[in-house]
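Here is the structure we will look at.
The values are calculated or read from the model by the stated rules, or taken from the named source; none is laboratory data. Just so it is clear, the structure is predicted and the values come from calculations on it, not from any experiment. All Cβ positions, even for glycine, are placed from backbone atoms using ideal geometry, and neighbour counts span all protein chains on display.
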Amino acid sequence: MMEKLPEYLRLAEMVTQKQNWKEALDASIPLVRSVLVFDNLALYLINEQKHILDEIVFARAVGRGKSAEADAAWGEKVAAQVVGENSMIVQEPKQVDSANRVHFPFVLGLPLRTSFGLVGAVIFIRFGGPAYTPDQVMCAQMVATQFSSLFDRKHLQEQVERMQDASRVVALQEDFIATISHEMRTPLGFIKGYSTTLLRQDIDWDDETRREFLTIIDEEADRLNTLLQNILESARLQSETLPINFQPVRLDALIRDTVIRAQARYRDLKIDIEASACPPVLADSVRLAQVLENLFSNAAKYAPGAPVHVKLTNDALHQQINVYDDGPGIPPEHLPHIFERFYRAQVNSSSGSGLGLFICRKIIEAHGGSIQAESPAGQGAHFTIKLPLAQAGTEAKG
Ligand code: ADP
């Protein structure tokens, strides 16, 4: 026992120094085997959500006998027993037929206990013996203690990650509140300013000026309304309560209509369409139009003056809409996040709430489809929407 002390120290060191628990386990196998001879070793973890032992997380076959995977199946029985009783189990055959050792496993199972409770079991197997001596059992217990500390650390790492995620959400929400207040203040400022001006009794406004001021008030009220709608919708999409009304939709026609509307709204936006007639998909035309409008309004905002190209194609399973612009594109560090709620790449740009692409993604996902963005260097922003053809669409949540 004592003569193995240097090996234990090295094992303890290895376990604390490796960043990743699987790497640590991998690296420790030769060392473990030098203090305790075994053929197979397997680790099982308790599934935290389901509170059952259902995860084999690690298996190594180093000695005689079968493959690690085949053994893992019956190691599981002993592992379940170890976890059920929260104690060590030794299972040894009464006698061994030395011609066929692999049918006579000597199994030693030990609980993996951490500071937050029992997390699983480690199983050692020797085919055809010899039986585990009390000294060897103690060695196995020391190894199990070292392995347990790996899971203690894994748990802590996961907790840190969860906290980082949560604080990222909080930061995003704080940003969001700042952006939203700014976004609301601008139209409200116009509405207040122009209505106060119109109400002044010392000036008699001519019809044309009055009309101009009222038009601004009207447009700014619309802007506020859209913003509020976006906030509300994004909350409902987040909780998946936004109704989607599925009907057969011809995407080529829908694209043409949306493009006409976008060009009326954004005078400088040049959009060309490449879409031949295609079979209808089951979709909510209002929601799909909203997705395209959003992509066009982003192109107008972030790629001003750049031409936009819309293309519709289909294969046996999907219809695909590509929306390409020729603007500055999206920096690679932002690209993975732009579909997240409240995420904005250009925080300083004049308007936006970081909700547009989140809403797009949720709508497309509610149709059983996908939306992706790419931004090849120097080639602008490329969005690809894939929608399943009819029967796949009917399965989507309504
Ligand atoms: P926002 O309200 O900020 O426009 P979106 O969710 O619509 O929010 O877009 C998220 C971010 O993605 C934007 O802040 C912008 O930085 C980036 N983005 C979206 N579309 C484009 C585009 N066509 N070109 C460059 N950047 C874009």
Worksheet item: Within region 259-296, restricting attention to residues that are assigned to a strand (DSSP E or B) and exposed (fewer than 13 other Cβ atoms within 10 Å of the Cβ), which residue is nearest to the ligand (Cβ to nearest atom)?
Response: ASP272
Practice prompt. Could you identify the single residue in ALA373, ALA299 that is in a helix (DSSP H, G or I) and either more than 9 Å from the ligand (Cβ to nearest atom) or of a type outside the set (Lys, Arg) (or both)?
Written response: ALA299
Worksheet item: When both residues are 6+ apart or on different chains and their Cβ atoms are under 8 Å apart, which pairs have a first residue that lies in region 324-336 and is more than 25 Å from ILE273 (Cα to Cα) and in contact (Cβ under 8 Å) with a residue 12 or more places away in the chain, and a second that is aliphatic (A, V, I, L, M) and outside any strand (DSSP E or B)?
Response: PRO331/ALA345
Worksheet entry | Answer from VAL102, VAL78, VAL119 - the residue that is modelled with pLDDT of 90 or more, over 20 Å from GLN136 (Cβ atoms) and not acidic (Asp, Glu) | VAL119
Worksheet item: Taking into account only those residues within region 235-249 that are at pLDDT 80 or above and surrounded by 13 or more Cβ atoms within 10 Å (Cβ to Cβ), which is farthest from the chain's Cα centre (by Cα)?
Response: VAL249
Item to complete: Would you check if there is a residue in region 324-345 being more than 9 Å from the ligand (Cβ to nearest atom) and either in contact with a Phe, Trp or Tyr (Cβ under 6 Å, 6 or more places away or on another chain) or of a type in the set (S, T, N, Q) (or both)?
Response: no
Discussion item. Can you confirm whether LEU389 is surrounded by fewer than 19 Cβ atoms within 10 Å (Cβ to Cβ), within 12 Å of the ligand (Cβ to nearest atom) and of a type in the set (A, V, I, L, M)?
Written reply: no
